[in-house]
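The values are calculated or read from the model by the stated rules, or taken from the named source; none is laboratory data. All values reported here derive from a predicted model rather than from experimental measurement. Backbone-built Cβ (ideal geometry, glycine too); neighbour counts: all protein chains shown. Each accessible area value is taken on the protein alone, full model and side chains, heavy atoms only, with ligands, DNA and RNA left out. Shrake-Rupley method; radii C 1.70, N 1.55, O 1.52, S 1.80 Å.
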Amino acid sequence: MSGDDSAGELAAKDAASGAAGPVAAAAAPGTMKWYGWGAEGQEFDPAGRPGVWSYAQAHLGITEHLPRNVPVAAERIALPDPVANAPFLRAVTEILGAASCSQSAVDRLVHAYGKSTRDLWRMRHGQVTFAPDCVLFPESEEQILRIIAAASLHDVVIVPFGGGSNVAGCLEIPQRDGRMVATINLRRFNRVLGIDKVSGTARIQAGILGPDLERALAAEGLTLGHFPDSFPYSTLGGWIATRSSGMLSDSYGNIEDMVLALRMLAPSGLIETREVPHASNGPDAKRLCFGSEGTLGIITEVTLNVRRAPQKREFRGYLFPSFAAGIEAMRTCVHAGVAPALSRLNDPDRTQLSAAFRRKTGWAETALGHAFKSYLRRVRRFDLAQGCLLIAAFEGDPDAIAWRRRRAEAVYQRNGGIGLGRSPGEAFAEGKFDFPHIRDFLMDYHVLADVGETATVWSNMLPLYRAGVAAYREALGRGGRRHWVGCHISHSYAAGASAYFTFAFACNRGPSGEVDPWAELEHYSAAKRAGLDCFSKHGATLSHHHAVGYEHLPWLAGESPMPGGSVVAAVKSTLDPTGIMNPGKLIPERSLARLAG
């Protein structure tokens, strides 16, 4: 059954049973499928990639002939009964109109969780223990302010929703205390309000999706330059609420470096910062909004610093003899001021994985590849099993690209790096948004895959990497499960960079091939805990760009201890005195003891 069929049948079931509130025939426009990443029909296709199945069988013991783990049909999912709050529903129906207030099962389902591995595994197996009681679709700030006022009056929890792409549990309310939960979908806040080409700024509504934002800027010859992995399905407001980083952050900075001013609607009123490049007037209210995860208010409008779009962007590949050599080359480039717009260094396992996912090539290119490998082994004395692929992106006009590339490549050569040309870089550029689709594909074969990302200083990078790989491998291998761990380094700074671990394991199967999904989810949770414990023990951050949410909250107190309690709690008590905005996030003393299965 397709997701569209499931949605339609679920809505029809609601209509037949007289479910409260308007019934939608399908999910809200632009939302992702409820059981996975992306729109219906979008999925990873291994065809034309001859190395995928051999690599998967060698490392995870799975083959394409195994029975598929198909998501449960939507109509079989028993959502929690909606909490009734008739006065609030009457109020928001008056504010928005009945068509923009939904209690349909399909809208509740697609807004229940984000897209973390834990979220999707539970969804696919029909365990949905949380869902909002209603979903609201405002189209003006006045409507949002009135909704928040009604929620404050009637003690209703508000959860902001942009693209639904969060992977840290930012949308789930694990402890709702009997209150109604209303999700506010911001996708109607998707307009470009103005572009000032003289100042290099653009006023944009916060619900706009990444591709729509870039298309609007490109029409004026501009770009924001922010391309997170979630880019096709995430929103500007979501980037700010989670302090997102994009692939080209080495050149453009992180999202907080791109925001000139913003507007956020809080229960206590409007927060509006002025469009000035810098001010010395005490703590910056704008900074409080970055990473606030919907706990303080709803970001509705942003003024961005934008740039002229580069004439050209060129992706290239380089091979280093070791991970240490590649890290040193990255650090040296940053300190010398010649770092590319993107530098992504794969460890040996990630490098081999990239090779396995290459598309099929012609005989001439294959022969050339074999000859080059022979040269590396015999002439350059490369141990290809330890080789590390670095992908670099250079952008600008041709002269600027040539200048930076020459200087970066001089650093690479001093550290043993060898240029591989454009082919590896172009392969990366083509598939740069594929990982979430690959994760769904692996779930079809009872493999759980995820990432653990962090950041540390350069001097700690190799010790952290070694400890992280060891921690993941030890946790993943318990019970004899086949598993895989790899890492890449990216998002460089003067002081350090982000370390991005990717891991996967094949579920244990019973005598008849059956899988206990909840035992495997607990095994996954134990592996994730092991990674986060390792980051904390070795002085790294719990997350570089995936936010805190519900899943990472237990580790926050150890990273950001504050005398007298949490700063977020103090600010929240002023901006959200009744505690209605996305509770259970960012305040460590209210966290669960540990992430549970």
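Odds and ends about this structure:
- E589 meets all of the listed conditions (1) at pLDDT below 85; (2) in a loop (DSSP other than H, G, I, E, B) but one, namely (2).
- Residue list for segment 433-466, restricted to those being assigned to a loop (DSSP other than H, G, I, E, B), of a type in the set (A, V, I, L, M, F, W, C) and either open to solvent by less than 10 Å² (accessible area, probe 1.4 Å) or modelled with pLDDT of 95 or more (or both): none
- Residues within segment 194-230 that are open to solvent by 20 Å² or more (accessible area, probe 1.4 Å) and either assigned to a helix (DSSP H, G or I) or touching an Asp or Glu at 6+ places or on another chain (Cβ under 7 Å) (or both), tallied: 9
- Within segment 242-262, being in contact with a Ser or Thr (Cβ under 6 Å, 6 or more places away or on another chain) and either assigned to a helix (DSSP H, G or I) or of a type in the set (S, T, Y) (or both) holds for D250, I255.
A quick yes/no check of all residues on (1) of a type in the set (K, R); (2) in a loop (DSSP other than H, G, I, E, B); (3) touching a residue at least 40 places away in the same chain (Cβ under 8 Å); (4) over 30 Å from L224 (Cα atoms):
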{"residue": "P310", "(1), (2), (3), (4)": "no, yes, yes, no"}
{"residue": "A324", "(1), (2), (3), (4)": "no, no, yes, yes"}
{"residue": "R331", "(1), (2), (3), (4)": "yes, no, yes, no"}
{"residue": "R350", "(1), (2), (3), (4)": "yes, no, yes, no"}
{"residue": "L353", "(1), (2), (3), (4)": "no, no, yes, yes"}
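- Residues located in segment 232-250, provided they are of a type in the set (K, R) and either in contact with a strand residue (DSSP E or B) (Cβ under 6 Å, 6 or more places away or on another chain) or closer than 10 Å to G162 by Cβ (or both): none
- Annotation note: Cβ proximity below 6 Å between a residue of segment 421-446 that is touching a residue at least 12 places away in the same chain (Cβ under 8 Å) and a residue that is small (G, A, S) and open to solvent by less than 30 Å² (accessible area, probe 1.4 Å) (sequence gap 6+ or interchain) occurs for P424/G317; G425/G317; R439/A449; D440/G36; L442/A449.
- Residue match in segment 73-88 (condition: open to solvent by 30 Å² or more (accessible area, probe 1.4 Å), in contact with a Gly (Cβ under 9 Å, 6 or more places away or on another chain) and closer than 20 Å to V156 by Cβ): yes
- Within segment 231-269, if we keep just the residues that are aliphatic (A, V, I, L, M) and under 21 Å from the mean Cα position of the chain (by Cα), the residue that is surrounded by the most Cβ atoms within 10 Å (Cβ to Cβ) turns out to be L236.
- Among the residues of segment 492-518, those that are assigned to a loop (DSSP other than H, G, I, E, B) and touching a residue at least 24 places away in the same chain (Cβ under 8 Å) comprise S492, Y493, A494, A495, C507, N508, R509, G513, V515.
- Any hit, segment 147-164, residues being outside any strand (DSSP E or B), charged (D, E, K, R) and closer than 27 Å to L213 by Cβ: no
- Entirely in segment 59-132, the helices (runs of 4 or more DSSP H) that have 2 or more residues that are among the basic types (K, R) and modelled with pLDDT of 95 or more: 117-124
- Flag for T93 being polar (S, T, N, Q), open to solvent by less than 40 Å² (accessible area, probe 1.4 Å) and under 30 Å from R176 (Cβ atoms): no
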